[in-house]
1. Taking just the C-alpha trace of the stretch 120-176, give me its Rg and Dmax in Å.
2. Between helix 124-141 and the chain, what is the angle of the helix's C-alpha long axis to the longest principal axis, kept within 0 to 90° and rounded to the nearest 10?
3. Under the rule a/c < 1.5 gives rounded, and otherwise a/b versus b/c splits prolate from oblate, where does the chain land using the Cα gyration tensor?
4. Select from 145, 78, 37 the residue whose mean-square fluctuation is largest in a Gaussian network model of the chain (Cα-Cα springs shorter than 10 Å).
5. Please list log₁₀ I(q)/I(0) at q = 0.14 Å⁻¹ for the stretch 86-204, using the Debye equation with identical point scatterers on the alpha-carbon positions.
6. Using 7 Å Cα-to-Cβ label points, what is the residue 139/residue 166 separation (nm, one decimal)?
7. Treating the angle as unsigned and between 0 and 90°, give the value, to the nearest 10°, between the Cα long axis of helix 19-28 and the longest Cα principal axis of the chain.
8. Taking only Cα atoms, what is the 0 to 90° angle, nearest 10, from helix 144-165's long axis to the longest principal axis of the chain?
């Protein structure tokens with residue numbers, strides 16, 4: 001048990017590595033928290049620093065969630081429900097590290113990229129469905145925030161439906177995790193939701209944009 005707790009603490013610290021902040025410093029010599037949306041996530045890096053760094057930050061943030069879960073499953077392989085919760089705990093530790101990074105006074109990103117990595121490692125089929133939903137919403141409406149919110153809703157529903165189709169019990173820990181992540185995404189996107197309702201949310205484009213300080 002002690003080893004597992006140490007592992008979770010290490011995952012939290014690794015999840016807290018602010019790749020968006022580091023990309024801004026390395027590529028432009030700027031503090032990403034003072035530009036664009038002032039968020040250290042991949043979307044703001046894409047807009048302020050460039051497409052290449054933005055994509056790199058997204059992949060690195062996703063790996064912060066993907067690798068810890070894979071390592072936990074390899075180190076402590078077990079189909080038992082308590083162990084499934086431990087794998088989920090590793091994923092949550094990575095997400096919380098990203099959202100509340102200890103390296104930037106506990107103010108990090110919004111957790112979407114890291115959560116996608118966690119869910120891909122835990123439930124690939126439902127994650128791919130959620131990513132497809134995100135892509136459709138982004139292309140149709142142009143809002144990253146809206147795509148993230150709807151995709152977070154699509155994941156637990158997809159995970160449950162997949163199990164029902166396979167004649168399995170849909171009331172499993174991964175579905176509970178999906179709803180927990182949905183709540184977290186909603187909380188980290190509170191301002192975005194208000195702007196979406198007011199019609200003032202900035203749309204995403206595949207080039208660097210000047211965005212308002214409070215945009216995503």
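1. That works out to 12.0, 37 Å for Rg and Dmax.
2. The helix 124-141 is inclined about 20 degrees to the chain.
3. Oblate shape, in that a/c is at least 1.5 and b/c is the bigger or equal ratio.
4. 78
5. Relative scattering, expressed as log10 I(q)/I(0), comes to -0.60.
6. 2.7
7. 30
8. 20
Quick note: the coordinates plus some simple rules give every number you see, no bench work behind them. These numbers were taken from a predicted model, which means no experiment stands behind them. Every residue, glycine as well, gets a Cβ built from its backbone with ideal geometry; the counts of neighbours run over all protein chains shown.
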